[in-house]
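The values are calculated or read from the model by the stated rules, or taken from the named source; none is laboratory data. Quick caveat: nothing in here was measured; it's all calculated off a predicted structure. Reconstructed Cβ throughout: ideal geometry from the backbone, glycine too, with neighbour counts over all protein chains shown. Heavy atoms of the whole protein, side chains included, go into the accessibility calculation; ligands, DNA and RNA do not. Shrake-Rupley method; radii C 1.70, N 1.55, O 1.52, S 1.80 Å.
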Amino acid sequence: SSTFLPKAFGSMAMVNVMNMALGHLPSTVENAADSKLRQMLFDYKVNEDADFTGAARILGNMRMDDSDGSVYYVCPAEKCNVYVKIAECFLEEDETVDADAAVTKAGTVVESIPNPEQHTALILRYKSTYARVLDANRKFLQAASRYHDLSQSSTDLIDADDLLQMLGRAATCAILAPSGPQRQRVLGLVFKDPRLHQLDAIPSFEAHSAILTKMYKHHVLRKAELTKFESSLATHQQALMGDGLTIMERSVIEHNMIAV
């Protein structure tokens with residue numbers, strides 16, 4: 001019946017049985033019923049259990065073929081969507097290695113999507129997820145560039161406040177990135193954005209424009225100026241490095257040495 005599976009998903013014993021069955025299937029299941037079950041289990045785990053890692057692993061084992069004659073054929077757009085969903089779930093649990101693997105798979109597919117203008121929302125989700133993965137893996141220079149690109153998106157699918165959030169994240173990552181010509185280029189892109197000072201009105205970004213401006217102009221930064229910025233950082237952005245400095249401390253020391 002239509003109510004059997006939803007009720008079954010509420011039973012841990014039944015879910016365990018389904019998981020075991022999904023791991024012991026023949027090479028082909030009629031109408032790819034196993035893939036449909038995985039999708040349903042994924043939705044339940046995300047929406048009802050908030051078990052994002054479990055949901056990602058369920059979807060990660062879904063069979064997807066490139067041959068359109070296969071019962072498991074999945075078009076490039078749908079395949080990209082699956083990989084992005086997996087990456088998003090792993091990010092929810094800070095499983096950055098698995099998120100990186102999933103978004104990398106999405107990247108191998110996204111370029112082969114026909115008529116990309118019909119899949120703008122999906123492509124934006126992929127780009128946003130990729131930027132978040134770079135950020136989570138402390139690849140701040142690349143993340144800053146990706147966030148800035150997203151902040152420039154001209155589409156009705158993203159409202160102005162979300163675009164401003166992307167600009168704020170670009171500023172954060174640019175400030176934390178290792179010193180050098182590439183960071184100076186990204187600092188310049190954010191500094192020249194006419195919306196930069198709008199970040200002052202957003203509590204989580206209120207210190208960013210002043211710090212980024214000083215960095216871009218090679219002005220020395222004082223410790224007292226960094227308190228609000230430091231308190232706005234995510235946990236992975238506050239990590240201690242091998243030399244005993246935080247990411248921000250190292251970035252500021254490198255900057256000040258050049259500024260002096």
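Ignoring ligands, DNA and RNA, what accessible area per residue does the chain give at 1.4 Å, in Å²? Mind showing how you got there, number by number?
Working: 13880 Å² over 260 residues.
Here the per-residue accessible area is 53 Å².
Compared with the dominant Cα axis of the chain, that is its longest principal axis, helix 247-259 is turned about 30°.
For the chain, a simple Cβ point-charge model (Lys and Arg +1, Asp and Glu -1, everything else neutral) yields a dipole of about 780 debye relative to the Cα centre. Rounding to the nearest 10 and keeping the result within 0 to 90°, find how far the Cα-based axis of helix 96-110 lies from the longest principal axis of the chain. In the chain, helix 96-110 runs at an angle near 80 degrees to the longest axis. Its DSSP H runs of at least 4 residues, each contributing -39,500 (n - 2.57), put the calculated 222 nm mean residue ellipticity of the chain at -18500 deg cm²/dmol, to the nearest 500.
Could you tell me the calculated FRET efficiency between ALA234 and SER67, based on Cβ-Cβ distance and R0 = 51 angstrom, to the nearest 0.05? Mind dumping the intermediate values first?
Details: r = 42 Å, r/R0 = 0.83.
So, using R0 = 51 Å, E works out to roughly 0.75.
The chain: longest stretch without exposed trypsin sites (Lys or Arg not before Pro) (DSSP loop, at most 14 other Cβ within 10 Å), sites themselves excluded? So the longest stretch without any such site is 1-191. Positive end of the dipole of the chain (Cβ unit charges, origin at the Cα centre): among VAL71, PHE90, GLY60, the Cα lying farthest that way belongs to PHE90. When the square roots of the Cα gyration tensor eigenvalues are ordered a ≥ b ≥ c, the ratio a/c for the chain is 1.5 or more and a/b exceeds b/c, which makes its shape prolate. The long axis of helix 160-176 is offset from the longest Cα principal axis of the chain by roughly 60 degrees. Between THR53 and ARG222, the C-beta separation translates, for a Förster distance of 41 Å, into a calculated FRET efficiency of about 0.45. Ligands, DNA and RNA left out, the 1.4 Å accessible surface of the chain is 53% carbon and sulfur atoms. Between ASP94 and LEU157, the modelled labels are 3.0 nm apart [label points 7 Å from Cα along Cα→Cβ].
Bridging of LYS223 to lysines at a Cα separation below 17 Å is possible for LYS214, once same-chain residues fewer than 8 apart are set aside. Spatial offset of region 201-217 relative to region 79-114 amounts to 31 Å, using the alpha carbon center of each. When THR53, THR120 are compared by accessible surface with a 1.4 Å probe, the order from highest to lowest is THR120, THR53.
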